[in-house]
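Undergrad: Would you mind keeping the following structure in view while I ask a few things?
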Amino acid sequence: MSITESQSLFEKAKQYIPGGVNSPVRAFRAVGGSPIFIKLAKGPYIYDEDGNQYLEFINSWGPMILGHAHELIEKAVSDAIQNSFSFGAPTRKEVEMAELIVSMVPSVEKVRMVNSGTEATMSAIRVARGYTRRDKMIKFEGCYHGHGDSFLIAAGSGAVTMGVPDSPGVTKGVANDTLTAPFNDLVALEQLIDANRGRIAALILEPVVGNMGCVLPKEGYLEAIRSLCTKEGIVLIFDEVMTGFRLSKGGAQERFGIVPDMTTMGKIIGGGMPVGAYGGKREIMDCVSPAGPVYQAGTLSGNPIAMSAGLAMLRYLDAHPEVYMRLDEVGNTITAGFKTSLQKLGLNYTINHIGSMFTLFMTDQPVTDFTSAKAADLPLFGRYFQAMLRRGIYLAPSQFESLFFSYALENAHIQQLIEANEEALREVI
Ligand code: KE4
(Lines give C-alpha, C1' and ligand atoms only; values in the text may rest on other atoms or scores of the structure.)
Protein backbone atom coordinates (compact mmCIF):
# COMPACT_ATOMS: atom_id res chain seq x y z
CA MET A 1 0.00 0.00 0.00
CA SER A 2 1.91 3.14 -1.17
CA ILE A 3 1.73 6.10 1.17
CA THR A 4 4.34 8.25 -0.60
CA GLU A 5 2.18 11.41 -0.81
CA SER A 6 1.48 11.25 2.93
CA GLN A 7 5.14 10.78 3.72
CA SER A 8 6.25 13.74 1.60
CA LEU A 9 3.47 15.89 3.06
CA PHE A 10 4.62 14.91 6.54
CA GLU A 11 8.22 15.89 5.77
CA LYS A 12 7.01 19.27 4.49
CA ALA A 13 4.62 19.71 7.41
CA LYS A 14 7.47 19.27 9.88
CA GLN A 15 9.14 22.36 8.40
CA TYR A 16 6.21 24.59 9.31
CA ILE A 17 4.20 22.87 12.08
CA PRO A 18 5.64 21.57 15.40
CA GLY A 19 6.01 17.80 14.90
CA GLY A 20 4.20 18.16 11.56
CA VAL A 21 0.73 17.99 13.15
CA ASN A 22 -1.77 20.29 14.81
CA SER A 23 -2.46 17.84 17.60
CA PRO A 24 0.21 15.47 18.98
CA VAL A 25 -1.61 12.13 18.87
CA ARG A 26 -1.94 12.47 15.06
CA ALA A 27 1.84 12.08 14.61
CA PHE A 28 1.80 8.29 15.17
CA ARG A 29 4.61 8.68 17.76
CA ALA A 30 3.09 5.89 19.90
CA VAL A 31 2.82 3.39 17.04
CA GLY A 32 5.74 4.30 14.78
CA GLY A 33 5.73 5.00 11.08
CA SER A 34 4.56 8.10 9.28
CA PRO A 35 1.01 9.41 9.68
CA ILE A 36 -1.37 9.12 6.77
CA PHE A 37 -2.76 12.39 5.46
CA ILE A 38 -6.49 12.22 4.89
CA LYS A 39 -7.99 13.69 1.76
CA LEU A 40 -11.68 12.88 2.20
CA ALA A 41 -14.11 10.65 4.03
CA LYS A 42 -17.57 9.19 3.44
CA GLY A 43 -19.66 6.99 5.74
CA PRO A 44 -17.31 4.57 7.58
CA TYR A 45 -14.41 5.19 5.19
CA ILE A 46 -11.51 7.63 5.00
CA TYR A 47 -9.26 8.06 1.97
CA ASP A 48 -5.63 9.19 2.13
CA GLU A 49 -3.67 11.39 -0.26
CA ASP A 50 -2.56 8.29 -2.19
CA GLY A 51 -6.12 7.12 -2.73
CA ASN A 52 -5.93 4.29 -0.19
CA GLN A 53 -9.28 3.49 1.48
CA TYR A 54 -9.51 2.64 5.17
CA LEU A 55 -12.37 1.48 7.33
CA GLU A 56 -11.94 3.93 10.22
CA PHE A 57 -12.66 3.66 13.93
CA ILE A 58 -11.57 7.09 15.19
CA ASN A 59 -14.65 9.07 14.05
CA SER A 60 -12.45 12.22 14.30
CA TRP A 61 -12.00 11.25 18.01
CA GLY A 62 -15.75 11.03 18.52
CA PRO A 63 -17.74 13.64 16.54
CA MET A 64 -18.60 11.52 13.49
CA ILE A 65 -21.10 9.24 15.27
CA LEU A 66 -23.29 9.12 12.14
CA GLY A 67 -20.31 8.46 9.86
CA HIS A 68 -18.59 10.95 7.60
CA ALA A 69 -20.27 13.46 5.27
CA HIS A 70 -23.78 12.67 6.52
CA GLU A 71 -26.14 14.40 4.10
CA LEU A 72 -28.17 16.03 6.88
CA ILE A 73 -25.13 17.73 8.42
CA GLU A 74 -23.73 18.70 5.02
CA LYS A 75 -27.00 20.32 3.98
CA ALA A 76 -27.27 22.22 7.27
CA VAL A 77 -23.79 23.67 6.74
CA SER A 78 -24.24 24.49 3.04
CA ASP A 79 -27.55 26.24 3.82
CA ALA A 80 -25.96 28.21 6.67
CA ILE A 81 -23.00 29.55 4.70
CA GLN A 82 -25.41 31.40 2.37
CA ASN A 83 -26.00 33.80 5.28
CA SER A 84 -22.32 34.56 5.95
CA PHE A 85 -20.13 32.91 8.57
CA SER A 86 -19.96 34.86 11.79
CA PHE A 87 -21.52 37.93 13.36
CA GLY A 88 -20.18 38.17 16.91
CA ALA A 89 -23.76 38.87 17.98
CA PRO A 90 -26.54 36.68 19.39
CA THR A 91 -28.47 34.49 16.93
CA ARG A 92 -31.63 32.38 16.97
CA LYS A 93 -29.61 29.20 16.45
CA GLU A 94 -27.76 29.66 19.75
CA VAL A 95 -31.08 29.82 21.59
CA GLU A 96 -32.32 26.70 19.77
CA MET A 97 -29.05 24.89 20.55
CA ALA A 98 -29.15 25.78 24.26
CA GLU A 99 -32.80 24.74 24.52
CA LEU A 100 -32.05 21.41 22.82
CA ILE A 101 -29.03 20.65 25.04
CA VAL A 102 -31.08 21.45 28.17
CA SER A 103 -33.77 19.06 26.97
CA MET A 104 -31.28 16.24 26.21
CA VAL A 105 -28.73 16.39 29.07
CA PRO A 106 -30.20 15.69 32.54
CA SER A 107 -27.82 17.92 34.54
CA VAL A 108 -27.95 20.97 32.29
CA GLU A 109 -30.35 23.79 33.22
CA LYS A 110 -28.23 26.49 31.54
CA VAL A 111 -25.38 26.18 29.05
CA ARG A 112 -22.63 28.33 27.53
CA MET A 113 -21.22 27.53 24.08
CA VAL A 114 -17.45 27.62 23.51
CA ASN A 115 -15.15 26.37 20.72
CA SER A 116 -13.46 23.23 22.08
CA GLY A 117 -13.56 20.68 24.84
CA THR A 118 -10.55 22.34 26.44
CA GLU A 119 -12.36 25.68 26.60
CA ALA A 120 -15.33 23.90 28.14
CA THR A 121 -13.35 22.22 30.91
CA MET A 122 -11.15 25.25 31.65
CA SER A 123 -14.25 27.41 31.98
CA ALA A 124 -16.18 24.88 34.08
CA ILE A 125 -13.37 24.72 36.64
CA ARG A 126 -13.17 28.52 36.83
CA VAL A 127 -16.93 28.74 37.36
CA ALA A 128 -16.84 26.06 40.06
CA ARG A 129 -14.06 27.95 41.84
CA GLY A 130 -15.97 31.21 41.52
CA TYR A 131 -19.19 29.61 42.78
CA THR A 132 -17.61 27.88 45.81
CA ARG A 133 -14.88 30.47 46.51
CA ARG A 134 -12.55 27.50 46.92
CA ASP A 135 -9.27 26.95 45.03
CA LYS A 136 -8.48 23.25 44.73
CA MET A 137 -9.77 20.72 42.21
CA ILE A 138 -9.55 16.94 41.96
CA LYS A 139 -8.85 15.03 38.76
CA PHE A 140 -8.00 11.37 38.20
CA GLU A 141 -4.80 9.88 36.83
CA GLY A 142 -5.25 8.89 33.21
CA CYS A 143 -8.28 11.10 32.65
CA TYR A 144 -7.71 13.81 30.03
CA HIS A 145 -9.67 17.05 30.04
CA GLY A 146 -7.88 19.01 27.31
CA HIS A 147 -4.67 21.01 27.54
CA GLY A 148 -5.67 23.62 30.16
CA ASP A 149 -2.86 24.18 32.71
CA SER A 150 -4.93 22.85 35.63
CA PHE A 151 -5.30 19.49 33.90
CA LEU A 152 -1.70 18.86 32.79
CA ILE A 153 -0.81 17.61 36.24
CA ALA A 154 0.78 14.29 37.20
CA ALA A 155 0.10 12.51 40.43
CA GLY A 156 1.88 13.99 43.44
CA SER A 157 4.38 11.90 45.41
CA GLY A 158 2.11 11.10 48.34
CA ALA A 159 -1.48 9.95 48.18
CA VAL A 160 -2.69 13.20 49.68
CA THR A 161 -0.27 15.76 48.30
CA MET A 162 -0.88 18.19 45.48
CA GLY A 163 0.01 17.37 41.89
CA VAL A 164 3.17 18.20 39.98
CA PRO A 165 3.30 19.83 36.54
CA ASP A 166 3.02 17.26 33.73
CA SER A 167 4.34 19.64 31.10
CA PRO A 168 6.93 22.40 31.00
CA GLY A 169 5.15 25.74 31.15
CA VAL A 170 2.69 24.62 33.81
CA THR A 171 3.65 26.39 37.03
CA LYS A 172 4.00 24.90 40.51
CA GLY A 173 1.40 27.44 41.59
CA VAL A 174 -1.15 25.93 39.25
CA ALA A 175 -0.11 22.40 40.18
CA ASN A 176 -0.60 23.19 43.88
CA ASP A 177 -4.32 23.57 43.30
CA THR A 178 -4.78 20.31 41.40
CA LEU A 179 -5.12 17.14 43.49
CA THR A 180 -5.00 13.75 41.80
CA ALA A 181 -6.24 10.28 42.72
CA PRO A 182 -6.23 6.94 40.92
CA PHE A 183 -9.47 6.25 39.00
CA ASN A 184 -11.76 3.62 40.56
CA ASP A 185 -10.04 3.95 43.98
CA LEU A 186 -12.57 5.28 46.47
CA VAL A 187 -10.30 5.01 49.53
CA ALA A 188 -7.65 7.21 47.91
CA LEU A 189 -10.32 9.74 46.98
CA GLU A 190 -11.74 9.82 50.52
CA GLN A 191 -8.20 10.34 51.93
CA LEU A 192 -7.65 13.23 49.50
CA ILE A 193 -10.90 14.90 50.49
CA ASP A 194 -10.21 14.36 54.22
CA ALA A 195 -6.80 16.01 53.86
CA ASN A 196 -8.23 19.02 51.99
CA ARG A 197 -11.66 19.42 53.57
CA GLY A 198 -13.36 22.72 52.79
CA ARG A 199 -10.78 23.70 50.16
CA ILE A 200 -11.95 21.68 47.14
CA ALA A 201 -14.06 23.55 44.60
CA ALA A 202 -14.59 20.80 42.05
CA LEU A 203 -14.03 17.17 41.14
CA ILE A 204 -13.85 16.50 37.40
CA LEU A 205 -13.83 13.07 35.77
CA GLU A 206 -14.60 11.21 32.60
CA PRO A 207 -17.58 9.09 33.82
CA VAL A 208 -16.41 6.43 31.36
CA VAL A 209 -12.76 7.05 30.60
CA GLY A 210 -11.69 7.13 26.96
CA ASN A 211 -8.26 8.71 27.42
CA MET A 212 -6.39 5.83 29.01
CA GLY A 213 -8.11 3.51 26.60
CA CYS A 214 -11.73 2.69 27.47
CA VAL A 215 -12.03 2.15 31.24
CA LEU A 216 -15.39 1.75 32.96
CA PRO A 217 -16.27 2.92 36.49
CA LYS A 218 -16.48 0.06 39.00
CA GLU A 219 -19.92 -0.83 40.32
CA GLY A 220 -21.07 1.93 42.68
CA TYR A 221 -18.07 4.20 42.03
CA LEU A 222 -19.96 7.04 40.36
CA GLU A 223 -22.72 6.85 42.97
CA ALA A 224 -20.13 7.10 45.77
CA ILE A 225 -18.49 10.12 44.11
CA ARG A 226 -21.87 11.78 43.72
CA SER A 227 -22.70 11.41 47.41
CA LEU A 228 -19.18 12.46 48.52
CA CYS A 229 -19.42 15.66 46.46
CA THR A 230 -22.90 16.41 47.76
CA LYS A 231 -21.77 15.93 51.38
CA GLU A 232 -18.62 18.04 50.96
CA GLY A 233 -20.09 20.84 48.84
CA ILE A 234 -17.77 19.94 45.95
CA VAL A 235 -19.02 20.74 42.43
CA LEU A 236 -19.16 17.41 40.56
CA ILE A 237 -18.24 17.92 36.90
CA PHE A 238 -18.78 15.11 34.39
CA ASP A 239 -16.44 15.68 31.48
CA GLU A 240 -18.66 14.25 28.73
CA VAL A 241 -16.72 15.73 25.82
CA MET A 242 -16.24 12.14 24.63
CA THR A 243 -19.18 10.26 26.19
CA GLY A 244 -21.76 13.00 25.67
CA PHE A 245 -24.42 12.18 23.07
CA ARG A 246 -22.43 8.95 22.39
CA LEU A 247 -23.27 6.56 25.25
CA SER A 248 -26.89 7.72 25.03
CA LYS A 249 -28.54 10.90 23.87
CA GLY A 250 -28.11 12.16 27.45
CA GLY A 251 -24.56 10.81 27.64
CA ALA A 252 -23.02 8.70 30.41
CA GLN A 253 -25.04 10.55 33.06
CA GLU A 254 -28.28 9.29 31.49
CA ARG A 255 -26.88 5.79 30.92
CA PHE A 256 -25.67 5.47 34.53
CA GLY A 257 -28.46 7.53 36.11
CA ILE A 258 -26.10 9.93 37.94
CA VAL A 259 -26.72 13.70 37.79
CA PRO A 260 -23.54 15.80 38.15
CA ASP A 261 -23.63 19.50 39.04
CA MET A 262 -21.96 20.51 35.77
CA THR A 263 -21.23 18.82 32.45
CA THR A 264 -18.65 19.66 29.81
CA MET A 265 -19.35 18.77 26.20
CA GLY A 266 -17.60 18.76 22.83
CA LYS A 267 -17.02 16.61 19.72
CA ILE A 268 -20.48 15.26 18.73
CA ILE A 269 -22.15 18.52 19.85
CA GLY A 270 -20.55 20.26 16.84
CA GLY A 271 -21.19 17.52 14.27
CA GLY A 272 -17.52 17.81 13.31
CA MET A 273 -17.29 21.60 13.58
CA PRO A 274 -15.32 23.31 16.40
CA VAL A 275 -17.83 23.41 19.26
CA GLY A 276 -17.61 22.88 23.01
CA ALA A 277 -20.05 23.70 25.79
CA TYR A 278 -20.35 23.67 29.55
CA GLY A 279 -23.55 23.72 31.54
CA GLY A 280 -25.18 22.71 34.77
CA LYS A 281 -27.35 23.89 37.61
CA ARG A 282 -28.91 27.31 37.10
CA GLU A 283 -27.50 28.66 40.39
CA ILE A 284 -23.97 27.73 39.28
CA MET A 285 -24.28 28.88 35.68
CA ASP A 286 -25.76 32.23 36.74
CA CYS A 287 -22.30 33.01 38.15
CA VAL A 288 -21.02 33.32 34.55
CA SER A 289 -20.55 36.78 33.04
CA PRO A 290 -22.53 38.84 32.22
CA ALA A 291 -25.14 37.24 34.54
CA GLY A 292 -22.53 36.90 37.27
CA PRO A 293 -18.92 37.82 38.10
CA VAL A 294 -17.03 34.82 36.64
CA TYR A 295 -15.57 35.98 33.34
CA GLN A 296 -15.56 33.81 30.21
CA ALA A 297 -15.87 34.89 26.57
CA GLY A 298 -15.19 33.87 22.95
CA THR A 299 -15.26 35.58 19.54
CA LEU A 300 -16.56 32.52 17.72
CA SER A 301 -18.61 31.00 20.55
CA GLY A 302 -22.00 29.95 19.14
CA ASN A 303 -20.75 30.46 15.60
CA PRO A 304 -23.77 30.13 13.26
CA ILE A 305 -22.14 27.60 10.91
CA ALA A 306 -21.04 25.40 13.82
CA MET A 307 -24.45 25.75 15.47
CA SER A 308 -26.11 24.63 12.23
CA ALA A 309 -23.97 21.48 12.10
CA GLY A 310 -24.45 20.78 15.80
CA LEU A 311 -28.22 21.36 15.67
CA ALA A 312 -28.59 18.98 12.72
CA MET A 313 -26.55 16.34 14.57
CA LEU A 314 -28.29 16.62 17.94
CA ARG A 315 -31.79 16.89 16.45
CA TYR A 316 -31.14 13.66 14.53
CA LEU A 317 -29.82 11.84 17.61
CA ASP A 318 -32.69 13.17 19.74
CA ALA A 319 -35.28 11.92 17.24
CA HIS A 320 -33.67 8.54 16.44
CA PRO A 321 -33.15 6.40 19.57
CA GLU A 322 -32.51 3.47 17.22
CA VAL A 323 -29.01 4.92 16.68
CA TYR A 324 -28.02 3.96 20.23
CA MET A 325 -29.64 0.54 20.03
CA ARG A 326 -27.68 -0.15 16.84
CA LEU A 327 -24.41 1.17 18.34
CA ASP A 328 -24.84 -1.11 21.37
CA GLU A 329 -25.46 -4.02 19.01
CA VAL A 330 -22.37 -3.14 16.93
CA GLY A 331 -20.22 -2.91 20.07
CA ASN A 332 -21.49 -6.23 21.40
CA THR A 333 -20.96 -8.01 18.06
CA ILE A 334 -17.40 -6.68 17.65
CA THR A 335 -16.53 -7.57 21.25
CA ALA A 336 -17.88 -11.11 20.83
CA GLY A 337 -16.01 -11.54 17.54
CA PHE A 338 -12.74 -10.31 19.04
CA LYS A 339 -13.13 -12.60 22.06
CA THR A 340 -13.70 -15.60 19.79
CA SER A 341 -10.51 -14.75 17.90
CA LEU A 342 -8.51 -14.27 21.11
CA GLN A 343 -9.70 -17.69 22.32
CA LYS A 344 -8.75 -19.28 18.98
CA LEU A 345 -5.25 -17.76 19.27
CA GLY A 346 -4.87 -18.77 22.92
CA LEU A 347 -4.67 -15.11 23.95
CA ASN A 348 -6.30 -13.63 27.03
CA TYR A 349 -6.04 -9.91 26.24
CA THR A 350 -8.42 -7.54 28.00
CA ILE A 351 -11.29 -5.87 26.16
CA ASN A 352 -13.12 -2.95 27.80
CA HIS A 353 -16.23 -1.80 26.01
CA ILE A 354 -19.50 0.02 26.51
CA GLY A 355 -21.85 1.03 23.71
CA SER A 356 -19.73 2.35 20.85
CA MET A 357 -16.56 2.82 22.92
CA PHE A 358 -14.03 -0.02 22.85
CA THR A 359 -10.39 -0.81 23.62
CA LEU A 360 -8.38 -4.02 23.13
CA PHE A 361 -5.57 -3.86 25.71
CA MET A 362 -2.41 -5.88 25.04
CA THR A 363 -2.41 -7.28 28.59
CA ASP A 364 -4.10 -10.27 30.17
CA GLN A 365 -4.78 -8.34 33.39
CA PRO A 366 -7.96 -6.36 34.08
CA VAL A 367 -7.63 -2.66 33.15
CA THR A 368 -9.40 -0.50 35.74
CA ASP A 369 -7.06 2.49 36.10
CA PHE A 370 -4.02 4.18 34.55
CA THR A 371 -1.49 1.90 36.28
CA SER A 372 -3.09 -1.24 34.88
CA ALA A 373 -3.52 0.40 31.46
CA LYS A 374 0.20 1.22 31.37
CA ALA A 375 0.99 -2.48 31.97
CA ALA A 376 -0.10 -3.20 28.38
CA ASP A 377 2.58 -4.28 25.90
CA LEU A 378 2.99 -1.00 24.00
CA PRO A 379 5.49 -2.21 21.34
CA LEU A 380 3.10 -5.09 20.57
CA PHE A 381 0.26 -2.58 20.24
CA GLY A 382 2.37 -0.58 17.75
CA ARG A 383 2.98 -3.67 15.60
CA TYR A 384 -0.71 -4.57 15.80
CA PHE A 385 -1.72 -1.04 14.75
CA GLN A 386 0.54 -1.18 11.69
CA ALA A 387 -0.67 -4.70 10.79
CA MET A 388 -4.26 -3.46 10.89
CA LEU A 389 -3.37 -0.39 8.83
CA ARG A 390 -1.85 -2.64 6.16
CA ARG A 391 -5.21 -4.44 6.10
CA GLY A 392 -7.08 -1.18 5.50
CA ILE A 393 -8.23 -0.73 9.09
CA TYR A 394 -7.52 2.68 10.66
CA LEU A 395 -7.44 2.47 14.47
CA ALA A 396 -6.57 5.06 17.11
CA PRO A 397 -2.74 5.37 16.97
CA SER A 398 -2.30 4.80 20.72
CA GLN A 399 -3.06 2.08 23.24
CA PHE A 400 -4.39 4.83 25.50
CA GLU A 401 -7.29 5.82 23.28
CA SER A 402 -10.79 4.44 22.86
CA LEU A 403 -12.06 3.29 19.49
CA PHE A 404 -15.41 4.68 18.34
CA PHE A 405 -18.03 2.89 16.26
CA SER A 406 -20.29 4.91 13.98
CA TYR A 407 -23.86 4.39 12.84
CA ALA A 408 -22.48 4.05 9.28
CA LEU A 409 -20.97 0.61 10.06
CA GLU A 410 -22.83 -2.25 8.39
CA ASN A 411 -22.53 -5.92 9.26
CA ALA A 412 -20.03 -6.51 6.43
CA HIS A 413 -17.76 -3.83 7.94
CA ILE A 414 -17.97 -5.53 11.34
CA GLN A 415 -16.94 -8.84 9.80
CA GLN A 416 -14.07 -7.13 7.96
CA LEU A 417 -12.80 -5.69 11.26
CA ILE A 418 -13.09 -9.01 13.11
CA GLU A 419 -11.26 -10.91 10.36
CA ALA A 420 -8.52 -8.28 10.07
CA ASN A 421 -8.04 -8.32 13.84
CA GLU A 422 -7.55 -12.10 13.91
CA GLU A 423 -5.08 -11.99 11.00
CA ALA A 424 -3.17 -9.04 12.49
CA LEU A 425 -2.90 -10.66 15.93
CA ARG A 426 -1.73 -13.93 14.35
CA GLU A 427 0.95 -11.95 12.49
CA VAL A 428 2.31 -9.94 15.42
CA ILE A 429 2.16 -12.22 18.48
P1 KE4 B 1 -10.56 19.36 22.68
O2 KE4 B 1 -9.95 20.61 23.30
O3 KE4 B 1 -9.52 18.47 22.04
O4 KE4 B 1 -11.74 19.67 21.76
O5 KE4 B 1 -11.20 18.50 23.87
C6 KE4 B 1 -10.38 18.14 24.95
C7 KE4 B 1 -10.98 16.94 25.66
C8 KE4 B 1 -11.64 17.14 26.85
N9 KE4 B 1 -12.22 16.10 27.52
C10 KE4 B 1 -12.17 14.84 27.01
C11 KE4 B 1 -12.81 13.72 27.77
C12 KE4 B 1 -11.50 14.59 25.78
O13 KE4 B 1 -11.45 13.32 25.30
C14 KE4 B 1 -10.90 15.65 25.09
C15 KE4 B 1 -10.14 15.44 23.79
N16 KE4 B 1 -9.97 14.10 23.38
C17 KE4 B 1 -8.81 13.79 22.57
C18 KE4 B 1 -8.84 12.29 22.25
N19 KE4 B 1 -8.32 11.53 23.30
C20 KE4 B 1 -8.74 14.63 21.34
C21 KE4 B 1 -7.72 14.18 20.33
C22 KE4 B 1 -6.57 15.13 20.26
O23 KE4 B 1 -6.09 15.59 21.31
O24 KE4 B 1 -6.16 15.39 19.11
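The values are calculated or read from the model by the stated rules, or taken from the named source; none is laboratory data. If you're wondering where the values come from, they're calculated on a predicted model, not measured in any experiment. Using ideal geometry, Cβ is built from the backbone for each residue, glycine included, and neighbour counts are taken over all protein chains shown.
Undergrad: Search the stretch 121-144 for residues that are more than 11 Å from residue 203 (Cα to Cα) and pair each with any residue that is assigned to a helix (DSSP H, G or I) and away from the ligand (no atom under 16 Å from the Cβ) when their beta-carbon atoms are under 7 Å apart and the residues are at least 6 apart or on different chains.
TA: Pairs found: 127/284; 131/284; 135/129.
Undergrad: Being within 16 Å of the ligand (Cβ to nearest atom), in a helix (DSSP H, G or I) and of a type in the set (Ser, Thr, Tyr) is the requirement here; does residue 60 meet it?
TA: Against the criterion (within 16 Å of the ligand (Cβ to nearest atom), in a helix (DSSP H, G or I) and of a type in the set (Ser, Thr, Tyr)), residue 60 qualifies.
Undergrad: Next up: Looking at residue 279 and the list (1) away from the ligand (no atom under 13 Å from the Cβ); (2) surrounded by fewer than 24 Cβ atoms within 10 Å (Cβ to Cβ); (3) closer than 15 Å to residue 114 by Cα, which single condition is not satisfied?
TA: It is condition (2) that residue 279 fails.
Undergrad: Could you tell me how many of the residues in the stretch 44-57 are among the polar types (S, T, N, Q) and either assigned to a loop (DSSP other than H, G, I, E, B) or within 16 Å of the ligand (Cβ to nearest atom) (or both)?
TA: So the answer is 1.
Undergrad: Which one of these does residue 167 not meet: (1) in contact with a strand residue (DSSP E or B) (Cβ under 8 Å, 6 or more places away or on another chain); (2) among the small types (Gly, Ala, Ser); (3) within 16 Å of the ligand (Cβ to nearest atom)?
TA: The one condition residue 167 does not meet is (1).
Undergrad: Does residue 314 satisfy the criteria of being part of a helix (DSSP H, G or I), more than 15 Å from the ligand (Cβ to nearest atom) and within 20 Å of the chain's Cα centre (by Cα)?
TA: Judged against the criteria, residue 314 is a match.
Undergrad: Now for a separate question. As an exercise: evaluate residue 128 against (1) over 22 Å from residue 256 (Cα atoms); (2) assigned to a helix (DSSP H, G or I); (3) away from the ligand (no atom under 16 Å from the Cβ) and give the number of the one condition it does not meet.
TA: Answer for residue 128: the failing condition is (3).
Undergrad: Test of understanding: among 41, 80, 13, which residue is part of a strand (DSSP E or B) and either farther than 22 Å from residue 323 by Cα or in contact with a strand residue (DSSP E or B) (Cβ under 7 Å, 6 or more places away or on another chain) (or both)?
TA: 41
Undergrad: Has the stretch 391-405 got any residue that is part of a helix (DSSP H, G or I) and not assigned by TED's automatic domain parsing to the domain that holds residue 208?
TA: No - not one qualifying residue is present in the stretch 391-405.
Undergrad: Kindly indicate the residue of the stretch 131-156 that is more than 16 Å from the ligand (Cβ to nearest atom) and over 19 Å from residue 235 (Cα atoms) and also nearest to the chain's Cα centre (by Cα) among those meeting that condition.
TA: Only one residue tops the list, namely 154.
Undergrad: Restricting to the stretch 209-265, name every residue that is touching a Gly at 6+ places or on another chain (Cβ under 6 Å), more than 20 Å from residue 113 (Cβ to Cβ) and away from the ligand (no atom under 11 Å from the Cβ).
TA: 247
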